[in-house]
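Visitor: Starting off with a structure, shown below.
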Amino acid sequence: MNGIAFLASFLRTGRLHGLGIGSTLDEAGRAVRHRFVDVVDEGGESLRRDHGFVEFSFNPGDEWVMSGASIELHRLASGHDMAREWARTMEVDFPRHVAWEAVREELERVPGAPVLTVIAQGGFLEYRAAASRVSVLVVDDEEEERGCHAGHGDVWSVSLWAPVWAR
């Protein structure tokens, strides 16, 4: 699958390889067949499963459950071998640089595309899809040029977040 289409689907559904908020660590292990490192914080209150440029966050309970996920696309500019390995293991092919305009155009073709709100984030623009709880950080510094890092108009990261519940 093309990485741009994959990102548009993620923005619409809030699902990453079939995983979403509340998915278990076991479900993640079955869905993502890519090497990883698990990092548990010192207090055992969170676990981060790091697949290189794709990361999942989990909270403890009866079992570890997903509380967020991120695709750190900026890492591909200097380490495109990560994308090649992901394409081999997960069958999603990401380019070295991901232009927001390409993702946005693909999203416009997706039925049920979410409404996006935009927030300036100091050198970045955050496009937030409240319905799917997915946000996209886009480089908004006109002096940033593509090279071994993301440039102006490129996607920095795409993240899924859990809702915050009032206590």
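Visitor: Out of curiosity, is residue 8 crowded, with 18+ Cβ neighbours inside 10 Å and in contact (Cβ under 8 Å) with a residue 40 or more places away in the chain?
Guide: yes
Visitor: Only one of 63, 91 is of a type outside the set (A, V, I, L, M, F, W, C), open to solvent by 10 Å² or more (accessible area, probe 1.4 Å) and more than 25 Å from residue 163 (Cα to Cα). Can you tell me which?
Guide: Among 63, 91, only 91 is of a type outside the set (A, V, I, L, M, F, W, C), open to solvent by 10 Å² or more (accessible area, probe 1.4 Å) and more than 25 Å from residue 163 (Cα to Cα).
Visitor: Just one of (1) open to solvent by less than 20 Å² (accessible area, probe 1.4 Å); (2) out of contact with any Leu (no Cβ under 9 Å at 6 or more places or on another chain); (3) at pLDDT 95 or above trips up residue 100, so point out which.
Guide: Checking residue 100 against (1) open to solvent by less than 20 Å² (accessible area, probe 1.4 Å); (2) out of contact with any Leu (no Cβ under 9 Å at 6 or more places or on another chain); (3) at pLDDT 95 or above, the one that fails is (2).
Visitor: Residue check: is residue 120 surrounded by 13 or more Cβ atoms within 10 Å (Cβ to Cβ) and either touching a Gly at 6+ places or on another chain (Cβ under 6 Å) or not acidic (Asp, Glu) (or both)?
Guide: The answer is no for residue 120.
Visitor: Just need a number here: residues in segment 11-24 that are under 21 Å from residue 155 (Cα atoms), open to solvent by 30 Å² or more (accessible area, probe 1.4 Å) and out of contact with any Ser or Thr (no Cβ under 7 Å at 6 or more places or on another chain).
Guide: Going through segment 11-24 one residue at a time, the tally reaches 2.
Visitor: Hey, another quick one. List the residue pairs whose Cβ atoms are under 6 Å apart, where the first residue sits in segment 86-109 and is more than 19 Å from residue 125 (Cα to Cα) and of a type outside the set (Asp, Glu), the second is open to solvent by 50 Å² or more (accessible area, probe 1.4 Å) and not in a helix (DSSP H, G or I), and the two are 6 or more positions apart or on different chains.
Guide: If the second residue must be open to solvent by 50 Å² or more (accessible area, probe 1.4 Å) and not in a helix (DSSP H, G or I), the pairs left are 87/93; 89/33; 92/1.
Visitor: Filter segment 123-167 for residues that are of a type in the set (Gly, Ala, Ser), open to solvent by 30 Å² or more (accessible area, probe 1.4 Å) and in contact with a helix residue (DSSP H, G or I) (Cβ under 9 Å, 6 or more places away or on another chain) and give the result.
Guide: Once the filter is applied, which keeps residues that are of a type in the set (Gly, Ala, Ser), open to solvent by 30 Å² or more (accessible area, probe 1.4 Å) and in contact with a helix residue (DSSP H, G or I) (Cβ under 9 Å, 6 or more places away or on another chain), segment 123-167 yields only 131.
Visitor: Further, regarding this structure: Looking only at residues in segment 66-79 that are surrounded by fewer than 19 Cβ atoms within 10 Å (Cβ to Cβ) and free of Cβ contacts under 8 Å to residues at least 40 places away in the same chain, which one is farthest from residue 134 (Cα to Cα)?
Guide: Here the residue is 79.
Visitor: Does at least one position in segment 113-121 carry a residue that is in contact with a helix residue (DSSP H, G or I) (Cβ under 7 Å, 6 or more places away or on another chain) and over 29 Å from residue 40 (Cα atoms)?
Guide: yes
Visitor: When only residues in segment 112-145 that are touching a residue at least 24 places away in the same chain (Cβ under 8 Å) and not hydrophobic (A, V, I, L, M, F, W, C) count, which is farthest from residue 161 (Cα to Cα)?
Guide: Applying the filter and picking the extreme gives 112.
Visitor: Any chance you could count how many residues in segment 25-60 are acidic (Asp, Glu), within 17 Å of the chain's Cα centre (by Cα) and either surrounded by fewer than 19 Cβ atoms within 10 Å (Cβ to Cβ) or modelled with pLDDT under 95 (or both)?
Guide: The qualifying residues number 1.
The values are calculated or read from the model by the stated rules, or taken from the named source; none is laboratory data. Everything quoted here is computed from the prediction, not taken from an experiment. Don't worry about glycine lacking a Cβ; one is built from the backbone with ideal geometry, like all the others, and counts go over all protein chains shown. The protein model used for the area step is the full one, side chains on, heavy atoms only, and it has no ligands, DNA or RNA in it. Shrake-Rupley method; radii C 1.70, N 1.55, O 1.52, S 1.80 Å.
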